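Structure, as structure tokens:
Read-outs: derived from the displayed coordinates by stated rules, not from any lab. Being a predicted model, the structure only gives us computed values, none of them experimental. Here the Cβ is made from the backbone with ideal geometry for all residues, glycine too, and neighbour counts use every protein chain on show.
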Amino acid sequence: MSSAVDRDLARHLESLRQQTGDTVKVEDIGDVVRALLTSLSGDVSASDLRLFSEVQNLANYIHNAKAEIAALRPQDIQQQYIASATDELDAIVGATENATNAILDAAEKLESLTMDVGGEIAPRLTEQTTLIYEACNFQDITGQRITKVVRALKHIEERIDALVEAFGPEVKDLEESAAPATADAPLSDEDLLNGPQLPDMAHDQAAIDALFDNS
Amino acid sequence: MAVDKNMHVLIVDDYKTMLRIIRNLLRQIGFVNIDEATDGSMALQMLRGGNYGLVISDWNMEPMTGLQLLREVRSDAKLKNTPFIMVTAESKSENVIAAKEAGVSNYIVKPFNAETLQAKMVSVLGEF
């Protein structure tokens, strides 16, 4: 860029600083660029114009993104949908726990009959109640799976929070919130709390035994 | 030497139904002195104040996890030799390895059955 343009640009920037201070809102960037392009004359090169044009396009892009995010009504997602889904899932946990306890009550009463019936019936009753106890494992597993879903919903909620905040006055926060996770960091205790795996991803007891014996 | 079925067993799980299931299964195979804790810190307090021959613990609990409980047990001069079976839905390879490195006696993945529980107890305690 030529020295004449440097001087002209510096003069316009100083004029802007006096009008708006050191901070320019994202939605005002387009106006600022437009004003600069209009006021500059003569010595502006083709590459300068391309640069200004790119800046203006970027400002328009951010402005449109903000409008689209606002149209999604992110606060509704947080306050209504996620809260509701979390409550529903908590209700499922409560209902399955109640049902499991009722099943266990009945199984324990059945088992207590073994002392009354005796003979061949008693061990058969015990065998069947054992199967009932084993089947009731489901409550723990489903409870943990639902807890994982609730945790995922909370994570989404936090990300929405961050997004809304980032598109507020401090646009530079966007870059800071998008820092990538470190892939090669050693596993912490928290990293090991994954909960139950999906059936096609999980190790069965034989695989666990093999791992246990060979590690 | 035969296993004393009167030994005190501590089962640790934050799901009360799971405590009840394990208690019933243990009772069916003849163990009668069974105590319960709902997280690692409660279990540790009970272990330090009691005389337990076996710990059967879940992993994923708050505020103290089963893994943290295991590490506390293994670093305690009085408790370090207590047999400790982890019963958990955490089935990733790194979980099993981490538990083994911390000194777990055996590892059962949920959902489990009575036969598996008994087999792992035999492997840890001996025939009963």
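Table for the structure above
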{"read-out": "Radius 11 Å from Cβ of residue B:18, net charge of other residues (Lys, Arg +1; Asp, Glu -1)", "value": "-2"}
{"read-out": "Full-stretch length increase - residue A:207, residue A:31 - with 0.36 nm per residue and alpha-carbon distance subtracted", "value": "56.9 nm"}
{"read-out": "Summed residue charge, Cβ within 10 Å of residue A:78's Cβ, Lys/Arg positive, Asp/Glu negative", "value": "-3"}
{"read-out": "Which listed pairs, of A:66/A:148; B:16/B:80; B:16/B:110; A:109/B:120; B:80/B:100, have C-alpha distances above 21 Å, in listed order", "value": "A:66/A:148; B:16/B:80; A:109/B:120"}
{"read-out": "Average projected area [Cα convex hull, chain B], square nanometres", "value": "7.0"}
{"read-out": "Förster radius 45 Å - calculated FRET efficiency between residue B:115 and residue B:75 (Cβ-Cβ, nearest 0.05)", "value": "0.85"}
{"read-out": "Spherically averaged projected area of segment A:74-174 from its Cα convex hull (nm²)", "value": "7.5"}
{"read-out": "For the protein assembly as shown, the fraction of alpha-carbon pairs in successive 20 Å shells from zero, as %", "value": "23, 38, 19, 15, 5, 0"}
{"read-out": "Residue-wise HN-Hα coupling along segment A:113-124, computed from phi with Karplus coefficients 6.51, -1.76, 1.60 (Hz; x: Gly, Pro)", "value": "6, 4, 5, 7, 7, x, x, 6, 5, 4, x, 5"}
